[in-house]
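Heads up, the thing below is written out as structure tokens.
The values are calculated or read from the model by the stated rules, or taken from the named source; none is laboratory data. Only a predicted model underlies this, so the values are computations on that prediction, with no experimental measurement involved. Each accessible area value is taken on the protein alone, full model and side chains, heavy atoms only, with ligands, DNA and RNA left out. Shrake-Rupley method; radii C 1.70, N 1.55, O 1.52, S 1.80 Å.
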Amino acid sequence: MSMRELGIEPNEFSFVALLTACGRMLELELGFQVHSLARKLGYLSSTFVANALMALCDKCGYLEDALVLFDEMPERDIASWNTVIAGVVNELMYDKAFELFRDMQRVDGFRVDQFALSSVLNACARCSALKAGREIHARVLKMGFQNNLSVNNALIAFYTKCGECHI
């Protein structure tokens with residue numbers, strides 16, 4: 001018997017859990033069914049539900065849909081920004097990643113975190129943007145992320161791929 005048959009309506013948390021599970025299993029069709037129900041019940045305005053849906057779209061190869069969702073979000077959080085930045089980096093859209101990185105600070109006033117820094121450093125590494133990567137490295141030091149494992153791994157990859165790592 002399903003939750004709804006028992007009279008239990010899904011809420012924001014159940015939609016996030018379902019969409020996350022669909023993303024992990026790459027179950028796009030089921031994810032779209034959950035998306036339709038979330039829309040019908042009015043949960044798409046939830047930042048958490050929208051973030052889970054963007055992650056699902058991105059993992060299943062529908063980055064454009066994730067970007068549309070992002071643009072339509074009434075309110076974003078740091079996870080919203082990190083999801084789209086990582087998504088565009090994975091799709092080799094490095095200029096878009098740099099643009100989003102700047103916008104997250106300028107438009108919504110978010111302070112970048114280790115996830116955003118790692119994603120943008122990966123973009124710098126993949127497109128050999130040495131100057132931009134060095135600027136991000138300076139920001140890492142200024143913000144105190146020099147001991148973060150994810151950021152350090154991204155820095156090592158960046159300098160190695162740009163031919164600046166001399167052992």
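Treating only the Cα positions of segment 6-49 as identical point scatterers, give the base-10 log of I(q)/I(0) from the Debye formula at each q in 0.22, 0.25, 0.29, 0.34 Å⁻¹.
These q points yield log10 I(q)/I(0) values of -0.69, -0.86, -1.07, -1.24.
Compute the long axis of helix 130-143 from its Cα atoms, compare it with the longest principal axis of the Cα atoms of the chain, and write down the angle in degrees, 0 to 90, nearest 10.
The angle comes out near 70 degrees.
For the chain, just run the numbers: alpha carbon Rg, then divide by 2.2 N^0.38 Å, N being how many residues it has. Before the final figure, lay out each step's value.
Details: Rg = 18.1 Å, N = 167, 2.2 N^0.38 = 15.4 Å.
In units of the 2.2 N^0.38 Å rule of thumb, it is 1.18.
Between the alpha-carbon centers of segment 90-167 and segment 17-41, tell me the distance in whole angstrom.
Their Cα centres are 31 Å away from one another.
At a 1.4 Å probe, what is the % contribution of carbon and sulfur to the accessible area of segment 83-167? Intermediate values should be presented prior to the final figure.
On the way: 2440 of 4700 Å².
So the carbon and sulfur contribution to the accessible surface is 52 percent.
To the nearest 10 degrees, how steeply does helix 94-106 sit against the main Cα axis of the chain, on a 0 to 90 scale?
80
Using the alpha-carbon atoms, what tilt in degrees (0 to 90, nearest 10) does helix 149-161 show relative to the longest principal axis of the chain?
So the helix axis and the longest Cα principal axis differ by about 50 degrees.
Per residue, how large is the accessible surface of the chain? Use a 1.4 angstrom probe and give square angstrom.
Values: 9460 Å² over 167 residues.
That works out to 57 Å² for each residue.
What are the lysines whose alpha-carbon lies under 27 Å from the alpha-carbon of K96, with same-chain residues fewer than 8 places away excluded?
Within reach: K59, K131, K142, K161.
Starting from the Cα coordinates of segment 79-167, work out the convex hull volume and express it per residue in Å³. Mind showing how you got there, number by number?
Values: hull volume 7.7 nm³, N = 89.
Normalising the Cα hull of segment 79-167 by residue number yields 86 Å³.
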